[in-house]
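Below is one structure, written out as structure tokens; comments come after it.
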Amino acid sequence: MANKRKRDNAPESEPVEKIEQQSTKKVKAPAPTKAARASSNSSTSATPFKVDSTSPITIQVVAGSYDRVLHGITATVTPTTTTTTKNNRKKAAAAAAAETPTSYKVSFADTFLFNAHSSAIRCLALSPPSAPTPGQKGGQKVLLATGATDERINIYNISAHPPSAKAADDQKLLNSITPRPVLENPKNRELGTLLHHSSNITRLVFPNRSKLLSASEDSTVAVTRVRDWALLHTFKCPIPKAQGRPSGDTAALGAVPAGVNDFAVHPSNKIMISVSKGERSMRLWNLETGKKSRVLNFPKDVLMEIGEGKHSTGEARRIVWGEDEFAVTFDRDVLVFGMDCRPRCRVMREDVVGTKMTKVHEIKYVNLGKEEGQEEEKNVLAVATEDGRILFFDTAESELLEPPAPKEDAPEKEQQHKKLFESKTPNAKLIAQLGGKTAGVSGRIKDFTVLPVEDEESGKRSWFGASASSDGRVRMWRLESDDLRVKDESVKPGRQVGELLGTYETENRITCLGAFVMIPRPEGSVESEYEFDSEESEDDDESDDE
């Protein structure tokens, strides 16, 4: 019988080693290729979408809710200050960028709205768009997967192109009797349902076009092949032992909280990290061998610093991969780990964020591209909070803030208490914030996404953001290229950035959200309501690359 692998404490143990080899090399994930970076679902896509600054941009937004409703919305963002012709488009675009800032307006329309599940929708995932094929009649497609508390995963095929002008004309009569604009896309369809789990679905990820990974409260992570929707492998996480009844425990009498809260796949598609309920640890998995690689306990002293003490669960809620690090979300703070699995910094220290510890709901990495004079791309960590803000942090080692020194003039009892809970972990630098009470957002931001776009003429990068609140509102934001960059010390940290383009009332309690920039339909493509081309050849090519 094989010996059980030993748990490791992240800050005190030696750097994580490969189990398969006897060498002492650190586990360093392979550098992801450009294709892997673009398709990874662990963070916001690093590859910006090329756009024309004078043309409208259509964004497909998909939101799931507690009310079982799956809501598809198209947000068409149109520049309003620049008017150009074909002959002087380049001159007008340059003049607009240099002199007059372009303002934008957004118009919303419903693309689909129906009860997708028999109970609350917990999560959803969008795949990368299919590759363009010469002569393809149906156009490019995006796979949509939704998971709910009914143990089912529903799969949909949605078009990556905006609805045609003909479809908009045909629905004018329908729009005349509906309270909100409707713009249905006839190429959207349902593919079927997966029954790979026996409990609530907690997380869905398309690491690439050919695979779907799903996590559930049955303590498993399933790997499904997209080509034929066959179950390839199931990662089984152990159910923790009962250790008292922590506050907030909703497990049945005689049971223990169990299930996978979240997992993250490295952009190389070779390593996965999972975090589960009732465990103060994270598990590393080898996706090539399908076996567990290591179990790492969270340091007790660091958990005390972030408010996860003896009487708290201490479990991680969310986890995402960055370029050379990964971030783990707890109830009211975030820890950033390096590739050696040692804590690098925390994020939500009270003196940095300006408020008392607030609940964290979602985190994502945003790629800023290459800065002047630097070869590597810059990434910042975006954190959505209970008080309606999205905070952007710089987690680079050179920008970390040292913990504050304890006050010497404090009373003796207070000094002893602070010494016991003294902060020793550096904090990430707060760059900017989006939303909040100053922007008219007071409710929690349950989920969000940030979509990078790049002007074809000037090469200037900007971002469109979509945020979803529990009050049912979907907000569209725009961030300029300089909003997330701190070029000199005169820039105030934590400044308010971003422009609110518009708000859409879904009238449902939103739980999850996804979005992508729709691809303009190529000229000469055939628009048929009944054209559904097979993508098996494309999936075969992608599976061969795995």
| Do the alpha carbons of any pairs in K241/K270; K105/K370; K359/K446; K236/K310 sit beyond 19 Å of each other, and which pairs? | K241/K270; K105/K370; K236/K310
| task | Report T47's accessible area, 1.4 Å probe, all protein chains in place, as a number in Å² to the nearest 10. | result | 70 Å²
| Solvent-accessible area per residue for region 254-337 (1.4 angstrom probe, square angstrom) | 31 Å²
| message | If you count only protein heavy atoms and use a 1.4 Å probe, how large is the accessible surface of Y156, to the nearest 10 Å²? | response | 10 Å²
| remark: Heavy-atom accessible area with a 1.4 angstrom probe orders F206, F108, most exposed first, as F108, F206
| task | Note down the net charge around L500, summing +1 for each Lys or Arg and -1 for each Asp or Glu among other residues with Cβ under 12 Å from its Cβ. | result | +3
| remark: Farthest towards the positive end of the dipole of region 268-309, among M282, S268, G307 and with Cβ unit charges of +1 on Lys and Arg and -1 on Asp and Glu, lies the Cα of S268
| Accessible-area order (highest first, 1.4 angstrom probe) of the listed residues V256, V353 | V256, V353
| task | Lys and Arg at +1, Asp and Glu at -1: add these up for the other residues within a Cβ distance under 14 Å of S462 and post the number. | result | -4
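The values are calculated or read from the model by the stated rules, or taken from the named source; none is laboratory data. Keep in mind it's a predicted model, so treat the numbers as computed, not measured. Counting neighbours? That spans all protein chains shown, and the Cβs are built from the backbone with ideal geometry, glycine included. Surface areas here come from the heavy atoms of the whole protein model, side chains and all, with no ligands, DNA or RNA. Shrake-Rupley method; radii C 1.70, N 1.55, O 1.52, S 1.80 Å.
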